[in-house]
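Worksheet: one structure, shown below.
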Amino acid sequence: MKGRYDVVVIGAGPIGSYTAYQLADKGFKVCLVDAKEKIGENVLCAGVISKAAFKRYDLPSESIVARIDSISFFSPFGQRLEYEPQDVFAYVVDRDLFDRKLFLQAKRFGVDIIMKQKVVDITGAAYFYSVKTDGKNISTKAVVIATGGDYQLQNKVGLGTAPHYLYGSQVELPVPSARDKIEIHIGRDFAPGSFGWVIPYHENTSKIGVILAQKGKTWLKKFVDQRLGETSKTDIKEIGIKPIVYGTIEKSTNGCILAVGEAAGQVKTTTGGGIFYGLLCSEIAVDKLTKTLRDGYSLSDYEITWRSSLTPELDIGMNLRSISAKLSDQDIENLFSFVKQNKFWVELLVPRINFDYHSNFIFYCLKSFGQLLGIRNSK
């Protein structure tokens, strides 16, 4: 670990580890720093990742615990709609194993690892930085911040912080579910303006959760009690809760420092998922860092490129959540009834569904059902 690094990556979650491995594969001298003692422990995440992401980024298949080929949507009063494409479209992963495998991949590609060291400051100017941990000073030409929802470093280097948060609550319970199906439940009693889920996990358990703007474990308890009838099996102490970034930070670059993944707010505003957007922006970051370190290009192009790719998705997701927050259960019930009675709409909607990019589908839905739901000037 002697000498100066080309890049120090802070945060060894999946996006940080993937970024470090990609940079090392391009021949850069890379150091990966994390405050944890072990990677991949007690990760709170639904763990649903698209088949397209696995194929595009060569993700660790050993982490897959279920293959998803359908989704069931349940209305507030019990109506059901099915989405059944012709093939598997997503995988459920063991996030602990998923994170560890990406971390070990970075290590195999020669990335130097520093564990149990929290980065407390970054000082210096472009092309020379000192990354200060609890007990070390690490010299580097560039820095990647991949610390998830922790924004202390971003504030210190002038990138700002997340504007808003959603809150995801989840518990693993011995609730039987189809091994190839996700359930999405809608109802204001347990998820006002949002939704709850049941996702197959290990052989005899499911991941059950809700995501909404309000913080609190009682929302998930209501969901489990009302929809699954598992009151006696749900201990509120076992429920995990995690803030999820909702919206992007003001700046994602400053000199040769950049933020990627949730550390930049690159998270789906519809579902709160961050893996695919994080990997996409990691790919962009590695490309721009390579050009910056080798050819002297400005790293500001990273900001322009990822925002051009994701801003339409993030904006329409926020628009949808704003509208959903105003809809009553009866509004949602009317929408379910309309779709069930007018099957031709399904044929028009299905081709617009994309697991990772939601804007085309959402835009079409808002335009198509705006009058039914009392929505005006949907954009």
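Every read-out reported here was derived from the displayed coordinates using simple, explicitly stated rules and does not represent laboratory data. Bear in mind the structure is a predicted one, so any value in this text is a computation, not a measurement. Cβ sites come from the backbone with ideal geometry, for glycine too, and all protein chains shown count toward neighbours.
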How large is Rg/Rh for region 216-284, to two decimals, with Cα atoms and a Kirkwood Rh?
1.19
Can you tell me the mean projection area, over all orientations, of the convex hull of region 306-360's alpha carbons? Units nm², please.
4.5 nm²
At what distance in angstrom do the alpha carbon centres of region 144-158 and region 69-141 lie from each other?
15 Å
P(r) tail fraction, region 1-58 - alpha-carbon pairs more than 14 Å apart, %
64 percent
For the residue pair residue 77 and residue 352, what label-to-label distance in nm results when each label sits 7 Å from Cα along the Cα-to-beta-carbon direction?
2.6 nm
By what distance, in whole Å, do the Cα atoms of region 169-299 stretch along each of the three principal axes, largest value first?
61, 31, 24
Treating the beta-carbon of each Lys and Arg as +1 and of each Asp and Glu as -1, no other charges, what is the dipole magnitude of region 76-127 about its Cα centre, to the nearest 20 debye?
340 debye
Equivalent ellipsoid semi-axes for region 234-379, as square roots of 5 times the alpha carbon gyration tensor eigenvalues: give them largest first, rounded to whole Å.
36, 20, 13
Write down the Å³ per residue value for the convex hull defined by the alpha carbon atoms of the chain.
134 Å³
Percent of beta bridges antiparallel (DSSP, the chain, rounded to nearest 5)
70 percent
With +1 on the Cβ of every Lys and Arg and -1 on the Cβ of every Asp and Glu, the dipole magnitude of the chain about its Cα centre, in debye rounded to the nearest 20, is 620 debye
For residue 291, go through the lysines and keep the ones whose alpha-carbon is under 22 Å away, minus same-chain ones fewer than eight residues off.
26, 29, 141, 251
Aspartates and glutamates with Cα under 13 Å of residue 340, excluding same-chain neighbours fewer than 8 positions away:
82
Calculated FRET efficiency for the pair residue 165/residue 4, C-beta based, R₀ 30 Å, to 0.05
0.25
Positive end of the charge dipole of the chain (Lys, Arg +1 and Asp, Glu -1 on Cβ, about the Cα centre): tell me which of 277, 199, 30 has its Cα farthest that way.
30
Pairs of Lys in region 165-245 closer than 16 Å at Cα, counting only those 8 or more apart or on different chains:
17
Pairwise Cα inverse-distance average, inverted: Kirkwood Rh of region 165-245 (Å):
12.5 Å
A convex hull over the alpha carbons of region 274-321 yields, per residue, a volume in Å³ of 58 Å³
For region 42-142, size of Cβ-based charge dipole, Lys and Arg +1, Asp and Glu -1, in debye:
480 debye
Starting from the Cα of residue 297, step 7 Å along the direction of its Cβ; do the same at residue 123; then give the gap between the two resulting points in nm.
3.3 nm
With a cut-off of 8 Å between alpha carbons and a minimum separation of six or more residues, what is the relative contact order of region 165-245 in percent?
39 percent
Length gained if residue 330 through residue 250 is fully extended, taking 0.36 nm per residue and subtracting the Cα-Cα distance, is 25.0 nm
Rg(Cα) of region 1-124 divided by 2.2 N^0.38 Å?
1.34
Just in region 213-274: which GluC sites (Glu not before Pro) are loop by DSSP and have at most 14 other Cβ atoms within 10 Å?
250
In whole Å, what are the extents of region 143-200 along the principal axes defined by its C-alpha atoms, from largest to smallest?
47, 26, 16
